[in-house]
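Presented below is the structure to which this report refers.
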Amino acid sequence: MDNIAGTKSSLTWVVHISVALLVILWLLPTIGLFVSSFRTADQIATSGWWKALTASEQNLTLRSAAPDTQVETNGLFVIEGQLFDAAQEAEISAWGINSRAIDAFKPGDTADLRKGGTITVQTDGSYRMENTEAFAGKRGQRVFVVATVPPELTFENYRAMLFSDENATGMVKAFFNTLTVTIPATVIPILVAAFAAYALAWMDFPGRALLIAVIVGLLVVPLQLALIPLLKLHLNIGIGKGYLGIWLAHTGFGLPLAIYLLRNYMVGLPRDIIENARVDGATEYQIFTKIILPLSFPALASFAIFQFLWTWNDLLVAKVFLIDATGQTTVMTAQIVELLGTYGGNWEVLATAAFVSISVPLIVFFTMQRYLVRGLLAGSVK
Amino acid sequence: MKRPLYAGVAALALMTNAALADGHLPIAPGEGGLNWASLEAFGAANNLEGEELTFFGPWLAGEAQSFKDMMAYFGEVTGAKWSYVGSDSLEQQIVIDSEAGSPPNLVAFPQPGLAANMASRGFLKSLGSDTADWVTENYAAGSSWVDLGTYADASGNKDFLGFFFNVNVKSLVWYIPENFEDAGYDVPTTMEELKALTDQIVADGETPWCIGLGSGGATGWPATDWVEDLMLRTQPPEVYDQWVTNDMPFNDPRVVAAIEEFGAFARVEENVAGGTGAVATTDFRDSPKGMFSTPPQCYMHRQASFIPAYFPEGTELGADADFFYFPAYESKDLGKPVLGGGTIISITDDSKAARAFMEFLKTPFAHEIMMTQEGFLTPHKGANPETYFSDTQRGLGDILLNATTFRFDGSDLMPGGVGAGTFWTGMVDYAGGKPAQQVADEIQDSWDALK
């Protein structure tokens, strides 16, 4: 092992490549969701998101202008127009007028229509229908094309979610409701847990070890068990459904993990500092506020991130303790579920909503993430 | 005499507008051929100034908006403060809220099984015999709607607890008329013709059906609708009723025959888009899109009246896509049976406003204002069919009003463990290749276990 300092192990590249691969694998679903949020519902239903990034050959069903746009010149009835939208640049390689033979004709060919007359379609999608009699009916002729279509992404989903009349007010209300839930539900458990963790780490009293064991044991109790009994309690003591109730519920559900994390961190602080302070005559409260709290900041921050993410993304607890039939206390998650529609098929909304909803936790995470790693490591490794 | 009343409504609208965050009045008073007189009479008889009404329902997004618009008129004429909250997990949430003692005033149940369950725990308040009589008289096939809304309460007494509002028709086959024209097919009017058409399409080298059973945790339910529809087309309605209550066991040969009828469509490789393997895995919401692809992957799709919501954007019903009645056998004299479903409104927290709202639902206006919006059908005989949103909706409404036999979705009437459990999973197994007899035996076993 004489190369331990100085030269790099030749395995470094393997490590780098596998890390890169894992990261890509890990991010793939998120990227897919992100691309999908810029696509329309029909696009999502018909092709995969990876096809959205490059020009692709697609089969399309298009329709000519309706017969009421026809022009008569010298006894010849003509309908002219463009199959594609004005902004779309597509190239037709084959076309047809029967759903059984969608590529029967080449661009420039002329096809006989079943109800009389002819149609000619060019590569760029322009067409000309001719007939010696007037075209009848209310609708235009269906034209099937095989065309190479450039990638088409749209901001429509985001606009519909954030700025349209029907959704914007609901989303803004839900956003502030969520903040009203999240911030106290993050601050309260940290306050309580910091005191408890200090006591469990540095104060001697009988039954301390047992108390720690009980708290660790509470970590494995699923919160679903407590939903109905806790709601009944809230209603009996007059809290009812509302913000106070959900703050208490989130505090209760978050405390075991908070105490456990913070206690493990505080136990690892150097004993000498605390004993020195005791010798100098500091009270327990002074030790806690002047020494322990500043030193524990990374652990506090990392738990704050955890609790914030969990309360931000929570739907279950909010539905049980907060959202009542008045509809005034909807949170983001519930609002997003509502946007999905009665039968839950609006995928484009889901993809978009995920990224709208994720933006705040992302900001919180990136501003505090340096504490997250430090806090977690300091709590677990001695 | 009418003019001042309209003016009164309009003035009220201006005053209360600020209080109403959601819901607007899509149609100005006096327009659209609606029965405005019934709204005025109702408003004159009910002053609910200062009262509050909370409503909890399964409708979200667009459908929720339609309902809120209807509630907005209720709020306008009575002065009551109202709110509507929709949830996709209503089944769980209403039970939690009722258990804990904080239910809303009114609930719309998506299916009677849940309402019956809530009734047996004593959470629903009686609607009274006069409401039952009203339904009998004013709904097409009224007494069957009363029966479907009558449940046993906590002490076992039968009582009328659920009022049907917003019905859907399930016996429909959707198709694209222009694709039929291209291929020269005619719309079948008998089951024999439908089967011949299926074979014809296969013979032409195409795929006749798009069938998708996927629906997350509820995967399999579209197949139960198939079996129920075929049950009504192979057996008289009395047998259907016995089947639903388990007076006739699930593994009776007549039920097995109906399951196999479904198999004749769905378990033949060439009959379904993607092959039989795709039946259980395709999501029911994506399934109809096969008809619209280029070239079409299939020609027909049997699904309830709500499915156009999942047609591609911009699809014009009646022109781009249309429906025909899922036909009955000509050889069997069973009339024109129709399978349907519907939402039930019940009182969970009694109040003056809740009672008034149930009265409001009896006015033709409440139905007509919903009819002017997409996705609503009513059996109310007093409502003006002219107000339906589209010709397609009107056609669906006609099927409902003209049905010789109307039967409710059987899986919704069966106990939850069967109708929303083993029946679903059993049909997925059947689509995957399990024999019909074995599937039926297993479902009957699970039913016995619940007794």
(request) Over the whole of A:95-101, what's the average partner chain Cβ count within 10 Å per residue? Rounded to a whole number, please. (result) 5
(message) What do you get for the angle between helix A:243-267 and the principal long axis of chain A? Use alpha-carbon atoms, 0 to 90 degrees, nearest ten.
(response) 60
(message) Under a crude label model (7 Å from the Cα following the beta-carbon direction), how far is A:VAL221 from B:ALA45 in nanometres?
(response) 5.4
(request) Search the structure for amide H atoms under 5 Å from the amide H of B:LEU34, placed 1.01 Å from N in the peptide plane, and list their residues when 5 or more places away or on another chain. (result) none
(message) What is the angle, in °, between the Cα long axis of helix A:297-313 and the longest principal axis of the Cα atoms in chain A? Nearest 10 is fine, range 0 to 90.
(response) 40
(request) Of the options A:ILE287, A:ILE358, A:HIS234, report the single residue whose Cα projects farthest towards the positive end of the charge dipole of the range A:158-380 (beta-carbon charges: Lys, Arg +1; Asp, Glu -1). (result) A:ILE287
(request) Could you please state how large a percent of the accessible area of the range B:224-299 is carbon and sulfur, counting protein chains only and using a 1.4 Å probe? (result) 49
(request) Would you please name the GluC sites (Glu not before Pro) within the range A:1-91 that are DSSP coil residues with at most 15 other C-beta atoms within 10 Å of their C-beta? (result) A:GLU89
(message) Order B:418-429, B:257-268 from most to least packed using the mean count of other Cβ atoms within 10 Å.
(response) B:418-429, B:257-268
(request) Restricting things to alpha carbons, find the Rg to Rh ratio for the protein assembly as shown using the Kirkwood radius for Rh. (result) 1.02
(message) I want the local charge near A:VAL214. Using Cβ-Cβ distances under 14 Å, sum +1 for each Lys or Arg and -1 for each Asp or Glu among the other residues.
(response) +2
(message) Mean-square fluctuation check for chain A, GNM, Cα pairs under 10 Å: which of A:LEU62, A:LEU300, A:LEU219 is largest?
(response) A:LEU62
(request) Just round it to a whole percent: the fraction of Cα-Cα distances in chain A exceeding 27 Å. (result) 68
(request) Go through the range A:127-211 and name the trypsin sites (Lys or Arg not before Pro) that are in a DSSP coil and have 15 or fewer other Cβ atoms within 10 Å of their Cβ. (result) A:LYS138, A:ARG139
(request) Please report, as a whole percent, how much of the solvent-accessible surface of the range A:55-150 comes from carbon and sulfur atoms (probe radius 1.4 Å). (result) 46
(message) Taking a virtual spin label 7 Å from the Cα of B:GLU193 along the C-beta vector, which residues in the range B:303-325 bring their backbone nitrogen under 16 Å of it?
(response) B:323-325
(message) Between helix B:2-16 and chain B, what is the angle of the helix's C-alpha long axis to the longest principal axis, kept within 0 to 90° and rounded to the nearest 10?
(response) 90
(request) Can you check what the net charge comes to around A:THR326, using other residues whose Cβ is under 11 Å from the Cβ of A:THR326 (Lys, Arg +1; Asp, Glu -1)? (result) 0
(message) Inside 10 Å of the C-beta atoms of B:94-104, what's the mean count of C-beta atoms belonging to other chains?
(response) 5
(request) In whole Hz, with x marking every Gly and Pro, tabulate ³J(HN,Hα) for the range A:198-206 from phi via Karplus 6.51 cos²θ - 1.76 cosθ + 1.60, θ = phi - 60°. (result) 4, 4, 6, 8, 10, 9, 8, 8, x
(request) Using +1 at the Cβ of each Lys and Arg and -1 at the Cβ of each Asp and Glu in the range A:158-380, identify which of A:LEU315, A:VAL267, A:LEU179 lies farthest towards the dipole's positive end. (result) A:VAL267
(message) I need the GluC sites (Glu not before Pro) found in the range B:56-145, filtered to DSSP loop residues with at most 11 other beta carbons within 10 Å of theirs.
(response) none
(message) Please compute the per residue accessible area over the range A:55-150 with all protein chains in place, 1.4 Å probe, rounded to a whole number of Å².
(response) 54
(request) Taking the Cα centre of the range B:87-196 as origin, sum charge times position over the Cβ atoms of Lys and Arg (+1) and Asp and Glu (-1), and report the length of that vector in debye to the nearest 20. (result) 520
(request) Please give the net charge around B:LYS434, taking every other residue with its beta carbon less than 13 angstrom from that of B:LYS434, where Lys and Arg add +1 and Asp and Glu add -1. (result) -3
(request) Determine, from the Cβ-Cβ distance of A:GLN286 and A:LYS232 and an R0 of 41 Å, the FRET efficiency 1/(1 + (r/R0)^6), rounded to the nearest 0.05. (result) 0.45
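The values are calculated or read from the model by the stated rules, or taken from the named source; none is laboratory data. On a predicted model such as this, the values are computed, not experimentally measured, just so you know. Quick reminder, even Gly has a Cβ in these numbers, built from the backbone with ideal geometry, and neighbours come from all protein chains shown. For accessibility, only protein heavy atoms count, side chains too; no ligands or nucleic acids. Shrake-Rupley method; radii C 1.70, N 1.55, O 1.52, S 1.80 Å.
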